[in-house]
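**Q** Below is the structure I would like to discuss, written out as structure tokens.
What follows draws every value from the coordinates through simple rules; no lab data is involved. What you see is a predicted model, and the numbers here were worked out from it, not measured in a lab. So basically every Cβ, Gly included, is an ideal-geometry build from the backbone, and we count neighbours across all protein chains shown.
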Amino acid sequence: MSASTSQRLPSRGSPSTDLSDDYGYDGGDQVLAAWLQGLAPDPDLTVSRWADRHRRLTSVASAEPGAWRTDRTPYLRSIMDDLSPSSAVERVVFMKGAQLGGTEAGLNWLGYVIHHAPGPLLLVQPTVEGAKRVSKQRVDALIEASPDLAARVRDPRSRDSGNTVLMKEFPGGVLILTGANSAVGLRSMPVRYLFLDEVDGYPGDADGEGDPVALAIQRAATFLNRKILMVSTPTLKGFSRIEAAYLESDRRVFALPCDGCGERHQILWRDIRWPGGQIDEAAWHCPTCGTRHPEHRKPALLAAGAWQATASGDGRTAGYHLSSLYSPWVSWAEIAAEHAAAKEDPVRLKVWVNTKLAETWEERDGERLDADGLMLRRENWGTAVPAEVAVVTCGIDVQDDRLELEIVGWGRDEESWSLDTVVLWGDPAGSRVWDDLDTALSRRLSHATLPGGIGIDAACIDTGGHHTLAAYAFCRGKERRRIWAIKGMAGARPIWPRRPSRANKGKVNLFAIGVDAAKEAVYARLKVMPPGAGSCHFPLERDAAWFEQLTAERVRTRYVKGFPQRYWWKPDGRRNEALDTRVYAYAALHGLIAMGLSLNARVAALPVPQTKTTPSTPVVAIPASPRRRRAIASTYMQG
């Protein structure tokens with residue numbers, strides 16, 4: 001190459017159209033133009049400085065639209081700059097809490113790559129549907145709001161634009177979006193840049209081809225100058241990918257200087273304190289000298305903070321751990337109030353620990369509940385639904401010769417009452433048993449404070465096992481009554497899906513529920529002693545066989561291609577219909593919540609006074625009977 005030509009090389013981020021103008025190339029010379037761009041060195045510009053100059057936030061994707069300011073979240077500066085070409089770091093791991101701007105930092109990196117250091121880039125979300133949602137809501141907003149990016153990524157409405165939901169072409173590179181549940185997407189092409197978002201939400205196996213994180217990282221193996229970003233809130237101890245990656249790193253924490261003694265410390269939950277009962281005055285106290293730092297000091301403390309490594313690591317991975325106690329958008333008082341509301345409910349407390357403290361939740365593997373112990377908690381609340389119950393749901397399990405139901409009442413903070421269990425004998429291939437079910441779901445139950453009684457608000461019917469087509473036929477046309485066809489799905493997925501699927505033979509809205517998450521919630525609540533948030537109440541007449549079914553399963557660990565996976569195991573010969581129907585009734589509650597139900601608001605609207613049910617004297621456990629169970633027709637179901 002001549003000296004005159006080398007002097008005229010464009011910067012790395014210049015569009016190919018500019019090269020055509022400079023050198024007189026026609027359309028056929030774009031390949032040469034891209035090659036010339038590749039010869040130019042990466043710019044001496046960090047990601048954080050690029051974001052401060054070029055990033056614009058829109059009201060569609062941000063609560064604070066306008067120009068990006070790294071000073072607003074100074075803890076993100078080092079994370080973004082380690083993603084710059086000038087940094088020797090190969091992998092950045094960010095184990096974080098909620099509302100810290102972690103995804104926005106990753107989007108800043110995407111914008112920097114498109115503008116200044118183009119190359120093939122892969123963004124992985126837990127699912128393909130999630131990748132599509134991020135593309136439409138976040139990536140498109142990033143590009144459209146920044147003129148420098150919009151000039152490089154064509155309008156998706158133009159012909160052959162190279163801009164689709166899951167692919168964004170730009171001069172010198174391409175952005176591919178995919179889900180961790182798609183092995184095809186994970187092995188589609190070699191990439192220089194890899195953004196793994198919410199890795200703890202990834203499935204254990206991608207289409208039978210192995211761990212999705214390992215598959216994705218293999219895509220970057222051929223690039224010596226690769227960059228990998230892993231971001232997630234942690235989940236279970238021993239199963240958290242983000243925690244495992246963080247432990248391999250130099251384990252950095254963000255230390256703030258004390259206003260009193262000047263020593264630097266990480267903000268820990270144990271150092272957030274407030275005067276007796278006055279949560280609104282929650283403040284951070286220095287663990288060395290005890291100096292109190294009120295909420296209004298947080299911005300200044302963050303500005304003076306610095307990351308400190310606490311381990312040597314592997315030399316190539318920079319690990320960052322940050323809890324929501326550092327968030328500019330969430331106060332210490334709000335986090336303390338959330339803890340006060342969740343501390344008695346293990347399901348909600350687990351979420352709080354994961355999302356607010358950015359710490360893993362530890363559960364004992366193989367633990368089994370004591371059925372006899374649960375029987376001793378039976379209560380006598382009379383023939384009417386207890387006064388605290390505001391919502392009623394039903395779970396239905398379909399067997400070869402019967403339908404089994406549990407009717408569950410729900411009160412404040414998901415406190416529950418097992419109102420009734422019913423067995424409807426009959427062949428589900430015929431119509432009679434379904435007519436009996438329709439009648440059962442239409443009845444109103446006598447209520448302690450509601451003169452007109454209370455009806456069943458929602459019901460979930462399992463269609464994934466026996467007599468699937470008959471279950472579809474029953475559910476068809478009943479969605480307005482909130483009678484939902486469901487199919488239980490194992491693995492890491494939410495209890496209630498974002499939307500149903502109609503890809504089934506019955507052409508009904510089929511809801512794929514996360515049974516693993518639901519079982520974990522049910523088992524956690526069974527350990528809570530009533531009364532109180534999340535606790536479970538059982539009637540005096542409930543027999544031992546039912547409690548044996550409710551506690552039949554336990555969590556075990558197996559290793560698939562070297563990676564641990566948790567699964568629910570049932571001993572051979574044990575029945576578990578009671579657990580299944582409770583899971584389905586709990587899923588129905590989540591379906592109502594997804595429709596906008598506020599359970600606590602419904603409780604508050606109940607007639608007063610609301611008195612807690614007083615547990616009866618503990619009774620002696622009744623031995624399980626080997627005889628066939630018969631239908632139970634309680635006073636509730638008799639109307």
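**Q** Work the Kirkwood hydrodynamic radius out for the stretch 218-287: mean of 1/r over every pair of different alpha-carbon atoms, inverted, in Å.
**A** 16.0 Å is the Kirkwood radius here.
**Q** Next question, about the same structure. What size of dipole, in debye to the nearest 20, comes out for the chain about its Cα centre when the only charges are +1 on Lys and Arg C-beta atoms and -1 on Asp and Glu C-beta atoms?
**A** That gives a dipole near 660 debye.
**Q** Which is the longest part of the chain that has none of the GluC sites (Glu not before Pro) sitting in a DSSP loop with at most 11 other Cβ atoms within 10 Å?
**A** For GluC sites (Glu not before Pro) (loop position, at most 11 other Cβ atoms within 10 Å), the longest site-free span of the chain is 1-361.
**Q** Could you state the number of Å between the C-alpha centres of the stretch 388-432 and the stretch 125-145?
**A** About 40 Å separates the Cα centre of the stretch 125-145 from the one of the stretch 388-432.
**Q** Quick one: length gained pulling Trp569 to Arg554 fully straight, 0.36 nm per residue minus the C-alpha distance?
**A** So the extension gain works out to 4.9 nm.
**Q** Moving to a separate point now. Per-residue ellipticity at 222 nm for the chain, helices alone: DSSP H runs ≥ 4 residues times -39500 (n - 2.57), over residue total, nearest 500 deg cm²/dmol?
**A** After summing the helix terms and dividing by the residues of the chain, the value is -8000 deg cm²/dmol.
**Q** Exceeding 27 Å between C-alpha atoms, which entries from my cross-link table qualify? They are Lys350/Lys478; Lys527/Lys570; Lys237/Lys570; Lys132/Lys343.
**A** Long pairs (Cα-Cα over 27 Å): Lys350/Lys478; Lys132/Lys343.
**Q** Right, next: Check the straight Cα-Cα distances from Lys168 and name the aspartates and glutamates below 20 Å, setting aside those fewer than 8 residues away within the same chain.
**A** Asp18, Glu104, Glu129, Asp140, Glu144, Asp148, Asp155, Asp160, Asp197
**Q** List the aspartates and glutamates whose Cα sits under 13 Å from the Cα of Lys356, skipping any in the same chain fewer than 8 residues away.
**A** Filter leaves Glu334, Glu338.
**Q** Under a Cβ-Cβ limit of 4.7 Å, which cysteines in the chain have nobody to pair with?
**A** Singleton cysteines: Cys394, Cys460, Cys475, Cys536.
**Q** Let me ask something else. Going by Cα centres, the stretch 68-91 and the stretch 167-225 are how many Å apart?
**A** Rounded to whole Å, the Cα centres lie 22 Å apart.
**Q** Here's something else I'd like to know. Taking every alpha carbon pair in the stretch 294-347, what does the distance histogram look like in 5 angstrom bins from 0, in percent?
**A** Result, from short to long distances: 4, 14, 19, 17, 15, 13, 13, 6, 1 percent.
**Q** Please give the helix 102-116 orientation as an angle from the longest Cα principal axis of the chain, in degrees from 0 to 90, rounded to the nearest 10.
**A** Value to nearest ten degrees: 30.
**Q** Here's something else I'd like to know. For Val385, which sequence-distant residues (separation of 5 or more, or a different chain) have an amide H within less than 5 Å of its own amide H, given hydrogens modelled in the peptide plane?
**A** Ser446, His447, Ala448
**Q** While we're looking at this one, here's another question. Bin by bin, in steps of 10 Å, what percent of the Cα pairs in the stretch 371-634 do you find, going until the bin that has the longest distance?
**A** Per 10 Å bin, starting at zero, the Cα-Cα P(r) for the stretch 371-634 comes out as 7, 30, 37, 22, 4, 0 percent.
**Q** Then there is this: Treating cross-link reach as a plain straight distance, find the aspartates and glutamates whose alpha-carbon is under 12 Å from the alpha-carbon of Lys227, omitting any fewer than eight places away in the same chain.
**A** Filter leaves Asp81, Asp82, Glu90.
**Q** Same structure, new question: If we restrict to alpha carbons, what Rg and Dmax does the stretch 47-355 come to, in Å?
**A** In order Rg, Dmax, the Cα atoms of the stretch 47-355 give 20.0, 66 Å.
**Q** Moving on to the next point. Can you give me the Rg/Rh ratio for the chain, using Cα atoms for both radii and the Kirkwood formula for Rh? It would help to have the intermediate numbers written out before the result.
**A** Details: Rg = 28.6 Å, Rh = 27.7 Å.
Rounded to two decimals, Rg/Rh equals 1.03.
**Q** Average projected area of the Cα convex hull of the stretch 490-558, in nm²?
**A** On the way: hull surface 30.3 nm².
For the stretch 490-558, averaging the hull's shadow over all directions gives 7.6 nm².
**Q** In whole Hz and in residue order, list the ³J(HN,Hα) couplings for the stretch 271-280 that follow from phi through the Karplus curve 6.51 cos²θ - 1.76 cosθ + 1.60, θ = phi - 60°; x for Gly and Pro.
**A** Those phi angles translate into 9, 8, 9, 8, x, x, x, 9, 4, 4 Hz.
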